Amino acid sequence: MLAAARNYDVICLQMRNYLPQQEEPIKRETNRFIEGVKSVIMGEGSVKPRLDKFIPQIFNYRLLALKWISQQPDIDFGRLLDEAYPSLEGLRSNPKLRLLAENTLFAVRCNSRVMQAFIGDVNSEEFSQQLANVPVTTYEQFFGTLALSIPDQEAFQTIADFSHSSLYIEFILLAAILIDEENIDISEVAINELAFLIADAAQEYSAMATLMGILPVRQKSSSITGAPINSDDDQLLSNLGLSDFAKNF
């Protein structure tokens, strides 16, 4: 059942829903992030170039949001998707968002499958405790350190692609809800671009999870295109701590 699987790409979306109970400075950061999302989707021309520039801000805000949520005793990580799913499914009732709605739900299913395969039965309290020990870092610091610590370019690129596809999903889930609930006037071309971007991101997310050994190889699947890692690669990824990386991103 989808709602039973953990899903952490709804963090930014849920932070908007938790806005009334936030205090400064996180409330200010949440409002700033939401305005940034609106600016990206409402700009002229293709959305992707603006989104690519916004990726570091998604990473930085996601980490702040995860830390904040981990400190709220009344918020259960295991129920984040339960709470967010009705509004995502409700996108289907908006005719102009039909394709975007289907693709966002596809992305949620992909993410849930990966998280369920990797995290399994880790409970919300344990996950919150793990997050409490995660240092606050920026996008530049994280990937700069990662690049220096991983001499294998292919392994580094796998992590980067896995992370970036997740951040794409995070952004577009929130963008879709904002478009629907705030009646943001953007073109059909932009909406369709978001729909294709999140579908591509979901497929890449699953493919990278397969390469990292999180998901088993799925025969004859159009959603996962990468070849599986071999035993040597698996040991390399383990040595690099990719398991810990995937738990948090």
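The values are calculated or read from the model by the stated rules, or taken from the named source; none is laboratory data. The model shown is predicted, which means the values in this text are computed figures rather than measured ones. Here the Cβ is made from the backbone with ideal geometry for all residues, glycine too, and neighbour counts use every protein chain on show.
From the list THR225, THR210, the lone residue that is at pLDDT below 85 and either outside any helix (DSSP H, G or I) or surrounded by 19 or more Cβ atoms within 10 Å (Cβ to Cβ) (or both) is THR225.
When ALA155 is tested against (1) surrounded by fewer than 19 Cβ atoms within 10 Å (Cβ to Cβ); (2) touching a residue at least 12 places away in the same chain (Cβ under 8 Å), just one condition goes unmet, and that condition is (1). In this structure, ASP121 does not satisfy being at pLDDT 85 or above and of a type in the set (Asp, Glu). Considering only residues in segment 42-71 that are in contact (Cβ under 8 Å) with a residue 60 or more places away in the chain and among the basic types (Lys, Arg), the one that is nearest to ILE198 (Cα to Cα) turns out to be LYS48. Residues that are within 27 Å of CYS110 (Cα to Cα) and of a type in the set (Gly, Ala, Ser) were ranked within segment 148-186; the one that is modelled with the lowest pLDDT is ALA155.
Would you mind finding the one in VAL47, VAL37, VAL10 that is at pLDDT below 90, under 26 Å from GLU188 (Cβ atoms) and of a type in the set (A, V, I, L, M, F, W, C)? Among VAL47, VAL37, VAL10, only VAL10 is at pLDDT below 90, under 26 Å from GLU188 (Cβ atoms) and of a type in the set (A, V, I, L, M, F, W, C).
Test THR30 against the criterion of being more than 23 Å from ALA202 (Cβ to Cβ) and of a type in the set (Val, Ile, Thr), and give yes or no. It is true that THR30 is more than 23 Å from ALA202 (Cβ to Cβ) and of a type in the set (Val, Ile, Thr).
Has segment 172-183 got any residue that is among the hydrophobic types (A, V, I, L, M, F, W, C) and within 19 Å of LEU211 (Cβ to Cβ)? Taking every residue of segment 172-183 in turn, none turns out to be among the hydrophobic types (A, V, I, L, M, F, W, C) and within 19 Å of LEU211 (Cβ to Cβ).
So, in segment 65-94, exactly how many residues are part of a loop (DSSP other than H, G, I, E, B), surrounded by 14 or more Cβ atoms within 10 Å (Cβ to Cβ) and of a type in the set (D, E, K, R)? The total comes to 1. Looking across segment 76-105, the residues that are of a type outside the set (Asp, Glu) and free of Cβ contacts under 8 Å to residues at least 60 places away in the same chain come down to ARG79, PRO86, ARG92, SER93, PRO95, ARG98, LEU105.
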